[in-house]
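Data block below; observations after.
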Amino acid sequence: DWSIYSRLDRLFIKLFSEEEDINVHLFVDTSGSMGWGAPRKLDYAARIAAAVGYIGLVNLDRVGAVAYATRVQRQLPPQRGRGQIFRLFDFLEGLPAQTGGASSLQGAMWEYVHQTKRRGLMLILSDLLYPDGYEEGLKLARYHHFDPFVIHILSDDELMPAVRGDARLVDAETQQAVEVSVDGPALEAYARARDGFLGGLEEFCLRHQIDYVRATTTVPFEDLILRYLRFGGLVR
């Protein structure tokens, strides 16, 4: 404390504590596959984003939101204050899922991290179903000093399809179709691929120190916020 030093000619160190505001970036996947499910995965993601954003704004953090598919589609820059709450809700309400075209977390993330100066918590709400993978996009967030927190949103039908017999499956994003016969062996192969994907994702996030929570759209919203996200350390 140089003011005291000038008066007493003795060295003193001033100690104090200060709570810093946090920049919260809500990164919401609006690709075609997020339009699947009942309720839609996108609607579920938007509700989570609204709840977390509300908590942040009430606590005087800066909160912004991004809707992305292949690139950033829309964004609300991070701002502070309760007056931002309804702007955030308006932004998130009725977000449309992209129709046609593959999605890319890497492409959207590259665009965002190079135009955003405020680093902080990045809440990524997505099914993480990208033709080019999720790895490079998450690495970009880490490399550019964001703190990514992944909420992996899936529908029950994706975990265990209800379809049986001969079916024509159409990719929600590329619109490519394939004829399949869904029988016991096919479901077993699907389960192995599903478990491999989920296990690989969890291991990747653990290795790169990325917080990860998985939620299906049938999990009651209140349970997700109060139990799952509290367990994951996102809310207290």
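The values are calculated or read from the model by the stated rules, or taken from the named source; none is laboratory data. Keep in mind it's a predicted model, so treat the numbers as computed, not measured. Glycine gets a Cβ as well: all are built from the backbone with ideal geometry, and neighbour counts include every protein chain shown.
Residue count for segment 30-44 satisfying the condition of being within 17 Å of Y130 (Cα to Cα) and among the small types (G, A, S): 4. Of all residues in segment 77-95, those that are surrounded by 19 or more Cβ atoms within 10 Å (Cβ to Cβ) and over 11 Å from D29 (Cα atoms) total 5.
Going through segment 182-214 one residue at a time, which ones are within 27 Å of the chain's Cα centre (by Cα), aliphatic (A, V, I, L, M) and not in a helix (DSSP H, G or I)? Don't jump to the end; show me each part of the working.
The first filter runs over segment 182-214 and keeps only residues within 27 Å of the chain's Cα centre (by Cα), leaving 190-214.
Okay, now just the ones that are also aliphatic (A, V, I, L, M), so 191, 193, 198, 201, 206, 210, 213.
Across segment 182-214, the qualifying residues are I210, V213.
Which residue, of L128, L169, is touching a strand residue (DSSP E or B) at 6+ places or on another chain (Cβ under 7 Å) and on the phi < 0 side of the Ramachandran plot?
Details: L128 fails: on the phi < 0 side of the Ramachandran plot.
So the residue among L128, L169 that is touching a strand residue (DSSP E or B) at 6+ places or on another chain (Cβ under 7 Å) and on the phi < 0 side of the Ramachandran plot is L169.
Quick one: is T174 within 28 Å of Y112 (Cβ to Cβ), under 16 Å from the mean Cα position of the chain (by Cα) and not hydrophobic (A, V, I, L, M, F, W, C)? Please lay out each step first, then the result.
Numbers: within 28 Å of Y112 (Cβ to Cβ): yes; under 16 Å from the mean Cα position of the chain (by Cα): no; not hydrophobic (A, V, I, L, M, F, W, C): yes.
Criteria not met by T174.
When H145 is tested against (1) under 17 Å from H208 (Cβ atoms); (2) surrounded by 13 or more Cβ atoms within 10 Å (Cβ to Cβ); (3) of a type outside the set (F, W, Y), exactly one condition is not met: (2).
Any residue at all in segment 218-225 that is of a type in the set (S, T, Y), part of a loop (DSSP other than H, G, I, E, B), over 15 Å from the mean Cα position of the chain (by Cα) and surrounded by 12 or more Cβ atoms within 10 Å (Cβ to Cβ)?
Within segment 218-225, the first condition is being of a type in the set (S, T, Y), and the residues that meet it are 218.
Next cut, part of a loop (DSSP other than H, G, I, E, B) only: 218.
Okay, now just the ones that are also over 15 Å from the mean Cα position of the chain (by Cα), so 218.
Filter again for surrounded by 12 or more Cβ atoms within 10 Å (Cβ to Cβ), leaving 218.
Checking segment 218-225: at least one residue is of a type in the set (S, T, Y), part of a loop (DSSP other than H, G, I, E, B), over 15 Å from the mean Cα position of the chain (by Cα) and surrounded by 12 or more Cβ atoms within 10 Å (Cβ to Cβ).
Taking helices (runs of 4 or more DSSP H) as the structural unit, those lying wholly within segment 88-181 and holding at least 3 residues that are closer than 19 Å to W36 by Cβ and not hydroxyl-bearing (S, T, Y) correspond to 156-159. For segment 96-122, the tally of residues that are closer than 13 Å to H25 by Cα, in contact (Cβ under 8 Å) with a residue 60 or more places away in the chain and out of contact with any helix residue (DSSP H, G or I) (no Cβ under 6 Å at 6 or more places or on another chain) stands at 6.
Only one entry in L198, L229, L224 is at pLDDT below 90 and closer than 24 Å to G32 by Cβ, namely L224.
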